[in-house]
Amino acid sequence: MIKWKNTVSTGLLLSVLTTISLAGVHGDGGAAYAAATMNTKSLAAVYAAIQTQNASKIVVLVNKERVRAGLKPLTVHTNLTKVAKAKAKDMYLNNYFSHTSPTYGSPFEMMDASSITYLYAGENLAMGQRSAEQAMKDWMNSPGHKKNILNPNYNLIGVGYFNGYWVQEFVGK
């Protein structure tokens, strides 16, 4: 049985993927392929859980910072979370790091396309951090990102994480 630890989940994931890939090389025909296919489906579920855990940690860390600053915690918004996940995945798949997506346009265009209404809106991006804690530390050490996290006009948040790309979407209504 494999025990997953959050701090090494990416390394374990790569190790399991390598094991699955090598299983088909040993010449046992359909059995290796069937096992690899089943393991790939299980692995996809585990990987999706890792993505969700990373995003959830960011929400907890954001709200800790907000409460520490005397602000109300943010509420997770389902559609805003979908936008953040789509943005993180888009940056990874299209190999860019920018607030303007070649696929979706600006964060505000993405929100508008998802029927998200707002009076105030903002986005924070990070890339390459190996943990939610490190991404949050980097954002809090950046004046512009920290300003978004501690903006009293925001009351909703959506967070996405995909393969090292972190996205926070904020709105105030």
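Annotations
- Close amide H pairs (under 5 Å, H built 1.01 Å from N) link LEU156 with THR75, VAL171, residues at least 5 positions away or on another chain.
- Charged neighbours of LYS72, selected by a Cβ distance under 14 Å, balance to +3 (K, R count +1; D, E count -1).
- The stretch 40-173: translational diffusion in µm²/s, Stokes-Einstein, Kirkwood Rh over Cα pairs, 37 °C, 0.692 mPa s: 223 µm²/s
- Packing, as the average of other Cβ atoms within 10 Å across residues, places the peptides 91-102, 76-87 in the order 76-87, 91-102, highest first.
- Take every DSSP beta bridge whose two residues both sit in the stretch 56-173; close to 90 percent of them are antiparallel.
- THR78/MET140 FRET efficiency (R0 25 Å; Cβ-Cβ; nearest 0.05): 0.45
No value in this document is a laboratory result; all are computed from the given coordinates. As the structure is a computational prediction, the values presented were derived from the model and not from experiment. Note that we place each Cβ from the backbone using ideal geometry, even for glycine, and neighbour counts take in every protein chain shown.
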